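Visitor: Before I ask anything, let me first share the structure, which is written out below as structure tokens.
The values are calculated or read from the model by the stated rules, or taken from the named source; none is laboratory data. On a predicted model such as this, the values are computed, not experimentally measured, just so you know. As a convention, Cβ positions derive from the backbone with ideal geometry for all residues, glycine included, and neighbour counts pool all protein chains shown. Just so you know, the surface numbers come from the protein's heavy atoms only, side chains and all, with ligands and any DNA or RNA stripped out. Shrake-Rupley method; radii C 1.70, N 1.55, O 1.52, S 1.80 Å.
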Amino acid sequence: MRKFLKFMWFMTKLGLFFAFLGVVMVYALYKYYEPELPSVESIKEYRMQVPLRVFSEDGKLISVFGTKRRIPADIDDIPLQVKQAYIAAEDASFYSHPGFDIKGIMRAVWQIATTGKKQGGGSTITQQLTRNVFLTLDQTWTRKIKELFLAVKLERTISKDEILELYLNKIALGHRSYGVAAAAEVYYGKSLDELTLAQSAMLAAPPKAPSRINPVTSPERALQRRNYVLGRMLELDFITQEQYNQAIAEKDDAYVHEPVVELNAPWVAEMVRAELVEQFGDDAYTDGYDVYTTINSEKQMAAELALQTGLHAYDRRHGYRGPIQQYDLSNLGQANVDGVDVDDKAVDLETITEELNGFPKPAGLQAALIIELDAENALARLGDGQDIALTFEHSKWAVPFVNNHRVGDKPKDLTEILNVGDVVMVKRGDDGEFELSQIPDVQGALVSMHPDNGGIYALVGGFDYYLSKFNRATQAKRQPGSGFKPIVYSGSLQHGFNAASIINDAPIVFEDDRLERTWRPENYSEKFFGPTRLREGIVKSRNLVSIRVLRDIGIRNGRNHILKFGFNAADVPSDLSIALGSPNVPIIDMSRAFSVFANGGYLIEPYLIQSITNQKGEVVFRHNGIQVCPECPAPSVNVTAEQGEQVFDANTDLSMATNSGSITNSDELDLIPAPRVIPAANQYIIESFMKDVIKRGTGAKAMSLERHDLAGKTGTTNDQMDGWFNGYQRNVVTNVWVGFDTPTPMGRGEVGGRVALPIWIDYMRVALADEPEYQRPIPPGLIEARINPKTGKLLSPGDTSGQLEYFMVGNLPEEETTEDQPEYDDLF
């Protein structure tokens, strides 16, 4: 007995010695590796790689940029069954161990001792997190030792819930998804709280090998792993037997879901992306910025639809250009042709059907193969295998295209339009039936903004972004034609003209030394109308009147006045052609210019980004641009250049500059008043001109909106290469341009009032749906008086004949005397 006790005492001392030795070794190892261990304190500030997201002002997702899909989720927002699935699969003792699991380590050591290799297990959730955040994935003992020490330090630095939250947000789960919230969206198109128990368990399947074991790449292996996770959850009493049985029986329906874009505004998204990358570099794609734009989702959808509808309308007027491809289907369906049986031919049709999916699908169009045809009907195959009917009734628009000036004869039946084997574009019509269509060659752009601050409501840069990413709203420079006349006439009011001034609409010839030829400008109608009042010159869009006005006030004075509206000086030449809108300017610059008329005479700066938040939800940028403030002290005209606030550069897609030239946060934003660039009385008179353009001039189609607070001006350049409508209501300025990317005549009659105005009307019908009629008050410095419309002279006091006209104080016409007699019979 004594010997036994001595033996036990010896063993105890030996055990204590080895325990002490073990502690010393562990301490020595720790001190050895300590200099190489990163500080776990930094995990408190750890930022996960989260993609850039772009939203409309009403919170609808426009786009996501970044290679990793991650949606950070707070631990309290992660459902219990998701957390339990991971704990069951990865670390059952997570809430009780100090960072490492001694049983797991001993099991791993035993596996190595008996089999020569580690078969699995051993690493806790904490160890996996430290490995992913601080260490490499090298399979070495050195890395494992560092991982263990770091796990213990991490457990002492942050709470268990914080560790689990980081782990569940950072873990790679396949198909570019990182974190459980992103994986739920990628595989099931759901938020975490919408997942079933089986789906929650499936999310815990990929961590071991996310690229190989996930429900899309290897559904069978993932299903086995899911069932293992459910089994572990049952063993740990996380779920009941009934829940287990139901989950095991559930069929998995995972597939890759792309981010759910709620609003199609790709040109807007690209403008934001480019600006964020300029400000933040490549970190913009990973730092989790949420960008909230000024885009109004309802207006943006209306703008896109209106532009596409208008471009289709022009395209149809100019005829059908033929199929986009042709297949020989002459042998299709024959029993045996050249040794090929019916089944082989059926495979050919299936191959063609698959190829149809490779054709572009812009703006609701899709490719269709004509497989049967008669005089009245055609049978067509879509890329999804669906067969549809096309009728002659829906296709009779398709007269043959010859050129932009001429079309061929009207077709008598469908066989004169289509052939079997044609691949054509089709779309659903307003009645829900498919109809023949085609991708327009003509392009266009629309910009709509708030005139008081420049916030962009809607922006569309072309027919379809995925056919052409060129942003015609900001990058294209086109001649505005007669759209420039309100600006020129505004300058004339500042240099001696008044609304009743008489200008002769008669032929005029200029010698152009630069072109070594004479310049003989004409009206669009090629007619001359004699003496014309200034108002009628703009209402009827008389070119020769505009030229004489600019000549009389002086090119320098006229150009300087034009530049007050925010145009780049390099875009505006110093010659008489600017009276007819010869400057090549961005469409968005025209929106800025017409905002001056809409807001009462102030120059604003267009902007797109309202605010930016980081992944913590903190606001890192809030727009603080200039805005109209009539009651504020008047700033200088150069306020934007002097203060450096929100300067819009027409040569870039977007302006977001601040005082320091970088994005900053500001809790208190001081209002920056917009500079007044034309007197309120000047604005009022020009607006009255443009209201008449809509009431009885080239913009009369807009009267279909049944409003009396609209003003605007059509614009058409030489040979109808550009068609514009520039117009506004007090709170919505909208400019539309239509033309070919390479300036090409659009055809006789394709003027701004025909190609651009219908687009403007369709958009404004939606944009103004909730806007009450606005009656602008008559500003100080303006008087109303009656004139003789033939002479332009003031009528005698008390004379109620003639018509009312507006004048700036000090700039009235002469009074008419009894001797005044017009030398012409008919004058507008």
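Visitor: Yes or no: the stretch 805-828 includes at least one residue that is in contact with an Asp or Glu (Cβ under 6 Å, 6 or more places away or on another chain) and at pLDDT below 95.
Guide: Within the stretch 805-828, one or more residues are in contact with an Asp or Glu (Cβ under 6 Å, 6 or more places away or on another chain) and at pLDDT below 95.
Visitor: May I pose another question? Evaluate the following for VAL755: is it open to solvent by 50 Å² or more (accessible area, probe 1.4 Å) and within 30 Å of ARG316 (Cβ to Cβ)? If you could, list the steps in order and put the result at the bottom.
Guide: Details: open to solvent by 50 Å² or more (accessible area, probe 1.4 Å): no; within 30 Å of ARG316 (Cβ to Cβ): yes.
No; evaluated as a whole, the condition is false for this residue.
Visitor: Just give me the residues in the stretch 245-265 being assigned to a helix (DSSP H, G or I) and either farther than 15 Å from ALA201 by Cα or open to solvent by 60 Å² or more (accessible area, probe 1.4 Å) (or both), in sequence order.
Guide: Within the stretch 245-265, ASN245, GLN246, ALA249 qualify.
Visitor: Another question, if that's okay. Return only the number of the condition from (1) touching an Asp or Glu at 6+ places or on another chain (Cβ under 9 Å); (2) within 20 Å of ILE248 (Cα to Cα); (3) surrounded by fewer than 22 Cβ atoms within 10 Å (Cβ to Cβ) that ALA204 does not satisfy.
Guide: (3)
Visitor: If you don't mind, there's one more thing I want to ask. Return yes or no: is MET746 open to solvent by 40 Å² or more (accessible area, probe 1.4 Å), modelled with pLDDT of 95 or more, closer than 25 Å to VAL407 by Cβ and among the hydrophobic types (A, V, I, L, M, F, W, C)?
Guide: Values: open to solvent by 40 Å² or more (accessible area, probe 1.4 Å): no; modelled with pLDDT of 95 or more: yes; closer than 25 Å to VAL407 by Cβ: yes; among the hydrophobic types (A, V, I, L, M, F, W, C): yes.
When the stated conditions are applied, MET746 does not pass them.
Visitor: SER574 - would you say it is surrounded by fewer than 20 Cβ atoms within 10 Å (Cβ to Cβ), without any contact (Cβ under 8 Å) to a residue 40 or more places away in the chain and assigned to a loop (DSSP other than H, G, I, E, B)? I'd like the intermediate steps shown before the answer.
Guide: Working: surrounded by fewer than 20 Cβ atoms within 10 Å (Cβ to Cβ): yes; without any contact (Cβ under 8 Å) to a residue 40 or more places away in the chain: yes; assigned to a loop (DSSP other than H, G, I, E, B): yes.
So SER574 passes the test.
Visitor: Could you please find all residues in the stretch 765-793 being open to solvent by less than 60 Å² (accessible area, probe 1.4 Å), outside any loop (DSSP other than H, G, I, E, B) and in contact (Cβ under 8 Å) with a residue 60 or more places away in the chain?
Guide: Residues satisfying the conditions are VAL766, ALA767, LEU782, ILE787.
Visitor: Let me ask you something else. Quick check on TYR327: is it closer than 30 Å to ARG381 by Cα and open to solvent by less than 30 Å² (accessible area, probe 1.4 Å)?
Guide: Here the answer is no, as TYR327 does not meet what is asked.
Visitor: Is it fair to say VAL620 is of a type in the set (A, V, I, L, M, F, W, C) and either open to solvent by 10 Å² or more (accessible area, probe 1.4 Å) or modelled with pLDDT under 90 (or both)?
Guide: Yes: the conditions hold for VAL620.
Visitor: Within the stretch 225-244, can you find the residues that are surrounded by 12 or more Cβ atoms within 10 Å (Cβ to Cβ) and not in a helix (DSSP H, G or I)?
Guide: Within the stretch 225-244, LEU236, PHE238, ILE239 qualify.
Visitor: Next question, about the same structure. Quick one: ILE487 ticks every box in (1) crowded, with 24+ Cβ neighbours inside 10 Å; (2) in contact with a Gly (Cβ under 6 Å, 6 or more places away or on another chain) except a single one, so which number is it?
Guide: (2)
Visitor: While we're on this one: Having 2 or more residues that are within 21 Å of LYS190 (Cβ to Cβ) and modelled with pLDDT of 90 or more is the bar; report the helices (runs of 4 or more DSSP H) wholly within the stretch 40-158 that clear it.
Guide: 80-90
Residue-wise test of (1) within 30 Å of PRO440 (Cβ to Cβ); (2) open to solvent by less than 30 Å² (accessible area, probe 1.4 Å); (3) touching a residue at least 60 places away in the same chain (Cβ under 8 Å).
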site	(1), (2), (3)
MET271	yes, yes, yes
LEU276	no, yes, yes
ASP287	no, yes, yes
GLU298	yes, no, yes
ALA302	yes, yes, yes
LEU307	yes, yes, yes
GLY310	yes, yes, yes
ALA313	yes, no, yes
ARG316	yes, no, yes
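Visitor: Looking only at the stretch 195-205, decide whether some residue is within 35 Å of the chain's Cα centre (by Cα) and not in a helix (DSSP H, G or I).
Guide: yes
Visitor: Scan LYS13, LYS3 and give me the residue that is surrounded by fewer than 13 Cβ atoms within 10 Å (Cβ to Cβ), modelled with pLDDT of 70 or more, over 55 Å from the mean Cα position of the chain (by Cα) and assigned to a helix (DSSP H, G or I).
Guide: Result: LYS3 is the single residue among LYS13, LYS3 that is surrounded by fewer than 13 Cβ atoms within 10 Å (Cβ to Cβ), modelled with pLDDT of 70 or more, over 55 Å from the mean Cα position of the chain (by Cα) and assigned to a helix (DSSP H, G or I).
Visitor: So, in the stretch 414-455, of the ones that are among the acidic types (Asp, Glu) and within 23 Å of ASP328 (Cβ to Cβ), which residue ends up least open to solvent (accessible area, probe 1.4 Å)?
Guide: ASP422
Visitor: One residue is enough: does the stretch 583-603 have a residue meeting the conditions modelled with pLDDT under 95, open to solvent by 10 Å² or more (accessible area, probe 1.4 Å) and either over 20 Å from THR716 (Cβ atoms) or within 38 Å of the chain's Cα centre (by Cα) (or both)?
Guide: No; the residues of the stretch 583-603 include none that is modelled with pLDDT under 95, open to solvent by 10 Å² or more (accessible area, probe 1.4 Å) and either over 20 Å from THR716 (Cβ atoms) or within 38 Å of the chain's Cα centre (by Cα) (or both).
Visitor: Determine which member of the set ASN568, ASN614 is over 28 Å from VAL732 (Cβ atoms) and either free of Cβ contacts under 8 Å to residues at least 12 places away in the same chain or open to solvent by 10 Å² or more (accessible area, probe 1.4 Å) (or both).
Guide: ASN614
Visitor: Among the residues of the stretch 723-743, count how many are under 22 Å from ALA579 (Cα atoms) and open to solvent by 10 Å² or more (accessible area, probe 1.4 Å).
Guide: Residues meeting the conditions: 1.
Visitor: Given the options ASN403, ASN419, ASN471, name the one that is more than 30 Å from the chain's Cα centre (by Cα) and within 28 Å of SER582 (Cα to Cα).
Guide: ASN403 is the lone residue from the list that is more than 30 Å from the chain's Cα centre (by Cα) and within 28 Å of SER582 (Cα to Cα).
Visitor: Here is a further query. Determine whether the stretch 506-520 contains at least one residue that is in contact with a Lys or Arg (Cβ under 6 Å, 6 or more places away or on another chain) and open to solvent by 70 Å² or more (accessible area, probe 1.4 Å).
Guide: yes
Visitor: Take the residues in the stretch 450-495 that are aromatic (Phe, Trp, Tyr) and in a loop (DSSP other than H, G, I, E, B), then tell me which one is farthest from LEU550 (Cα to Cα).
Guide: Initial filter on the stretch 450-495 (aromatic (Phe, Trp, Tyr)): 457, 463, 465-466, 470, 484, 489.
Narrowing further to those that are in a loop (DSSP other than H, G, I, E, B): 463, 465-466, 470.
Working: PHE463: 36, TYR465: 40, TYR466: 43, PHE470: 35 Å.
Step by step, filter the stretch 450-495, then rank; the result is TYR466.
Visitor: May I ask you to list the residues in the stretch 398-413 that are within 27 Å of THR744 (Cα to Cα), part of a loop (DSSP other than H, G, I, E, B) and open to solvent by 40 Å² or more (accessible area, probe 1.4 Å)?
Guide: HIS405, ASP409, LYS410
Visitor: Name the pairs whose Cβ atoms lie under 7 Å apart, with the first residue in the stretch 65-90 and in contact (Cβ under 8 Å) with a residue 12 or more places away in the chain, the second assigned to a strand (DSSP E or B) and buried (at least 22 other Cβ atoms within 10 Å of the Cβ), and 6 or more positions between them or separate chains?
Guide: Close Cβ pairs (under 7 Å, with a partner that is assigned to a strand (DSSP E or B) and buried (at least 22 other Cβ atoms within 10 Å of the Cβ)) amount to PHE65/LEU52; GLY66/LEU52; LYS68/TYR178; ARG69/SER177; ARG69/TYR178; ARG70/VAL50; ARG70/TYR178; PRO72/VAL50.
Visitor: Now for a different question. Identify, please: which residue in the stretch 165-187 is within 22 Å of GLN127 (Cβ to Cβ), of a type in the set (A, V, I, L, M) and in contact with a strand residue (DSSP E or B) (Cβ under 6 Å, 6 or more places away or on another chain) and is, among those, most open to solvent (accessible area, probe 1.4 Å)?
Guide: Here the answer is ALA172.
Visitor: Of the numbered conditions (1) outside any loop (DSSP other than H, G, I, E, B); (2) more than 29 Å from GLN729 (Cβ to Cβ), SER591 satisfies every one except a single condition; which is it?
Guide: (2)
Visitor: OK, next. Does ASP464 satisfy the condition of being farther than 30 Å from TYR806 by Cβ, charged (D, E, K, R) and in contact (Cβ under 8 Å) with a residue 60 or more places away in the chain?
Guide: Answer is yes for this residue.
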